[in-house]
Amino acid sequence: MSEYLLEMKNICKSFPGVKALQNVDFQLKAGEIHALLGENGAGKSTLIKVLGGIYIAEEGQIFIDGKQAAITGVNSARANGISIIHQELVLVPYMTVAENIFLGREPMGSFGVNKSKMSADAQKMLDRFDLGIDADSLIADLSIAQQQMVEIVKAISFNCRILVMDEPTSSISDREVTALFEIMRNLAGQGVGIIYISHKMSELNEVCDRVTVLRDGCYVGTRVVADTPRDELIAMMVGRELDQYYTRDHVENTEVVLRCENLSDGKKKRSRVKNVSFEVRKGEIVGFAGLVGAGRSETMQCLFGLTPGSTGEVYLNGQKVNIRKAVDAMNLGIAMVPENRKLEGLYHVQSVRFNSTIEVLEKFINHLSVNGRREEEITQEFIDKMRTKTPSQEQRVANLSGGNQQKVMIGRWLATDPKILILDEPTRGVDVGAKAEIYEIMNDLTKQGVSIIMISSELPEIINMADRVYVMYEGRVTGCIPYQEISQEAIMKLATQEASGGHDNG
């Protein structure tokens, strides 16, 4: 009997002008949780789509239990026990959990679909994992984490032996991540082999046994997670040592360009911003840290004029200003890149050019027509400046990687020539190579005198990039830490306690 549940050997796949996979090998053991790592564009998704029958490889072989498998489509992949849970969930929102699990293969009775049997069978599978989910609930009424659990149950209902999970923790809380990992361990204990794709390298040690790294469509290597330092994995992914991953030259004692006093969201019930005061100096990166729900994003929304009824005072270069709408903030030289680029930022069906220039379109309008040549020049300027990887300016943003989408988003706001740039989770969902490039861009901006406010839930990012860190808890600032004293312990202490009546602006 073969040592491996799954072997993929010398897999090759090309698209017009691109070799997506070049002689890639991958092995998965029964009962193993095996991470698949690589930058966006490394070939992870293509390899998984070959395994799932979505793409057909031009060369290479796939073996299951030592026997060659002919995977010619999605149905043949399922017949071989392979299920994929994609990052974008594909459940039907206004159907029940049971209807989604058995969609297309409903149990039939004398008078059509046997709904009672379908519901009972689905409930039995849900209860097997102690999920606390009612099989008759609508998908739309479930949280994202619960929907992911339903996807797992649906995959298992196909008697899958190989389960692929693509970025399963990208939109769920830490508590839900813990529950998800418990289910994954449960499945692995039953002999299911799990391929786990994630950008969150901190999760590898928690749940993964081995890790395989791809780079530029090629196999780089496989390591035992417990025996491999994080820096070695990063170097494998990007092809270089990352001693200079964070290259911040810290700024001190420059002039104050922004001062906010007693910002509040004006809500009497469930207020998320309560008398928040802080200041930002020229060329600084000021971090905002705190647990989920601490009020960091909401504070910046108040500053940027996105919260009707908010109160407090804002001073720019010592002068009091009135910001009631986002356009007021923009006219004062403030720009904001929101946390959720999919819902709040990018026009996904539109081109890179459209997304790059939409905030400054009036600059290109002459006599009621758009100066296309000037628009093209500005777009190219920011593609080059942000090092955005795109085939052309006309490429739809939806077709770019997460890192390149974020670069387009940041570039769009840089086109407004801001003096203060608010970045809300600037590297969420992007790979390590794109992170390093975004950090470099941030450093370049501060050297040009731009001040950056960075909200981040990634403590290494805050610790290494911020000149000062304000920490929030339940809508209030609990303290300000200068860069010499920033540590995980100092941040977490302030992130879990109430404000002590004031803080040091640093």
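Any read-out appearing in this document is the output of simple, stated calculations on the displayed coordinates, not a laboratory observation. Everything numeric in this text was worked out from a predicted model, so none of it was measured. Note that each Cβ is placed from the backbone with ideal geometry, even for glycine, and that neighbours are counted across all protein chains shown.
Structure values in brief
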read-out: All Cα pairs of segment 208-272, percent lying beyond 15 Å; value: 71 percent
read-out: Kirkwood hydrodynamic radius of segment 1-127, from inverse mean 1/r over distinct Cα pairs, in Å; value: 17.0 Å
read-out: At q = 0.06, 0.07 Å⁻¹, base-10 log of I(q)/I(0) for the chain (Debye sum, equal scatterers on each alpha carbon); value: -0.33, -0.45
read-out: Distance histogram for segment 88-168 (every C-alpha pair counted, 10 angstrom bins, percent rounded to whole numbers); value: 18, 54, 25, 3, 0
read-out: Zero-based 10 Å bins, Cα pair distances in segment 62-104, whole percents; value: 23, 41, 25, 11, 0
read-out: Additional length obtainable on full extension of the chain from Thr72 to Arg373, 0.36 nm per residue less Cα span; value: 103.7 nm
read-out: Convex hull volume per residue for segment 6-238, taking Cα atoms only, in Å³; value: 132 Å³
read-out: Modelled FRET efficiency - R0 51 Å, Lys117 with Asp65, Cβ distances, 0.05 increments; value: 0.95
read-out: Burial ordering of Asp25, Asp174, fewest other beta-carbon atoms within 10 Å first; value: Asp174, Asp25
read-out: Shape category assigned to segment 256-495 from the gyration tensor of Cα positions, a/c cut at 1.5; value: prolate
read-out: Kirkwood-based Rg to Rh ratio, segment 392-470, C-alpha trace; value: 0.96
read-out: Long pairs among Lys268/Lys320; Lys320/Lys419; Lys29/Lys200; Lys19/Lys389, criterion Cα-Cα beyond 18 Å; value: Lys268/Lys320; Lys29/Lys200
read-out: Cβ-placed point charges (K, R +1; D, E -1), dipole of segment 161-296 about Cα centre in debye, nearest 20; value: 800 debye
read-out: Listed peptides 310-322, 294-306 by packing density, highest first (mean Cβ within 10 Å); value: 294-306, 310-322
read-out: Per-pair calculated FRET efficiency, R0 = 41 Å: Asn10 and Thr416 via Cβ, rounded to 0.05; value: 0.25
read-out: Modelled FRET efficiency - R0 22 Å, Ala326 with Glu255, Cβ distances, 0.05 increments; value: 0.30
read-out: Packing-based order for 27-38, 139-150, 259-270, using average beta carbon neighbours within 10 Å, highest first; value: 27-38, 139-150, 259-270
read-out: About the Cα centre, charge dipole magnitude for segment 256-495 (Lys/Arg +1, Asp/Glu -1 at Cβ), debye; value: 620 debye
read-out: The chain - charge dipole about Cα centre, Lys and Arg +1 at Cβ, Asp and Glu -1, debye rounded to 20; value: 980 debye
read-out: Amide H within-cut-off set for Tyr473, under 5 Å, with H built and near neighbours excluded; value: Thr478
read-out: Inter-centroid distance (Cα atoms) of segment 38-80 relative to segment 447-493, Å; value: 44 Å
read-out: Set of segment 120-150 residues, backbone N closer than 12 Å to the point 7 Å along the Cα-Cβ line of Val92; value: 139
read-out: Alpha carbon centroid spacing (whole Å) that separates segment 374-419 from segment 139-192; value: 35 Å
read-out: Stretchable slack from Glu489 to Asn186, in nm (0.36 nm times residue separation minus alpha-carbon distance); value: 105.8 nm
read-out: Whether segment 1-47 is rounded, prolate or oblate, judged on the alpha carbon gyration tensor where a/c under 1.5 counts as rounded; value: oblate
read-out: Farthest positive-ward along the chain dipole, Cα basis, beta-carbon charges - from Ser457, Gly73, Cys160; value: Gly73
read-out: Segment 261-341: radius of gyration and largest Cα-Cα distance (Dmax), Å; value: 12.5, 37
